[in-house]
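This report concerns only the one structure given below.
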Amino acid sequence: MSAARPVTVVVVVAALVAWATAATAAVAGDEARVPHWYAPSAPSSSSSSSSAPTAPAPAPTRIVSLAPVVTETLFAVGAGARVVGVTRFCDVPTAATTLPKVGGYTDASLEAILALRPDLVVAMPSFAQRALLDRLRDRGVPVFVVFADRPDETRALLVALGDVVGAPAAGRRLAARQDEALSALAARHAARPQGHPGRTVAVVVGTDPVVVAGPGTFADVAVRATGATSAVHDGDPPWPQWSLESLLARHVDVVVAAEGPPSARRLRELLRPLGARAPVVLAADRAILMRPGPSFVDDALTLEALLAAGAPAP
């Protein structure tokens, strides 16, 4: 993992939350949150999208990624050498940090993208990106859209990107690894009653404000797979903002600081007024559960070890 990643995570968390909120709203009316081509032949006034086809022939050779999970996945399926542009937040693997930057989650530059002469742009939709995707489509640039809020969406992303770049076996291997790891994780804890005594867990992905991974997200699924009780409920939004009172009302015993030790220290400061009622704050030595994709399996296993140890982060 890149040494720059912890710093980058702190910088981008607000953008991540804003993007996730916008993306959820932007696709609320979509027929299905499945990978698809972004209306490659539709006029700019249309918001429709086509069903997901197989990879174009020949496979794309100049790919621009508009999301970190996309970049990480493209490298993981063996297409890293064909990636010619990324966002400024794409820091995994390290090789991605040396590629030309086209902007961020919501401010990617059309001119910067077109200057790279892409034959494929891969994006995760949000309100801010929708106009950009329309303009790319109108200029004849193939745009492929993926989703990754939930493990099933992440699995579909892994398979679809493998197909699109002409590496179907690699995409399916990554998807199978996720399936097997989550199944094994759940099996290890299946004999235990749901919710260890005193182990109601909230995964905090941002501290200003406090933002929690909501129901069905990859972080929430990881918590439940460990046998712990998730603090979020089915009716909660995907990325709710919580007050200290919310933590108390949900009887949260453990807060996992997904951003790592700096976030853990900030959370302890915020929770200090609660005194003995404050939940235990745990963190790994790196950011976890902040990003879906190939790293999700390792993050879920790290969470399992973290909850088993139960020791506060530094």
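A Förster radius of 25 Å, combined with the Cβ-Cβ distance separating residue 117 from residue 94, puts the computed FRET efficiency at roughly 0.50. The gain in end-to-end length when the residue 61 to residue 248 segment is fully stretched comes to 62.1 nm, 0.36 nm per residue minus the alpha carbon separation. Backbone phi angles across the stretch 62-67, fed through the Karplus curve with coefficients 6.51, -1.76 and 1.60 (θ = phi - 60°), yield HN-Hα couplings of 9, 10, 10, 9, 10, 7 Hz in residue order; Gly and Pro are listed as x.
Determine the shape class of the stretch 192-309: with a ≥ b ≥ c the square roots of the Cα gyration tensor eigenvalues, call it rounded for a/c under 1.5, and otherwise prolate if a/b is greater than b/c, oblate otherwise. Verdict is rounded for the stretch 192-309. The gain in end-to-end length when the residue 131 to residue 188 segment is fully stretched comes to 15.9 nm, 0.36 nm per residue minus the alpha carbon separation.
Under 5 Å between amide hydrogens, built in the peptide plane, is the criterion, and for residue 83 it picks out 63 among residues at least 5 positions away or on other chains. The fraction of all Cα pairs in the stretch 146-227 landing in successive 5 Å bins from 0 to the largest distance is 3, 14, 18, 19, 17, 13, 10, 5, 2, 0, given as whole percents.
Estimated at 0.36 nm per residue, the fully extended path between residue 110 and residue 208 surpasses their Cα-Cα distance by 32.2 nm.
Here, each number is a calculation from the coordinates, and none is a lab measurement. Everything numeric in this text was worked out from a predicted model, so none of it was measured. For neighbour counting, all protein chains shown are included, and Cβ atoms are generated from backbone atoms with ideal geometry for every residue, glycine included.
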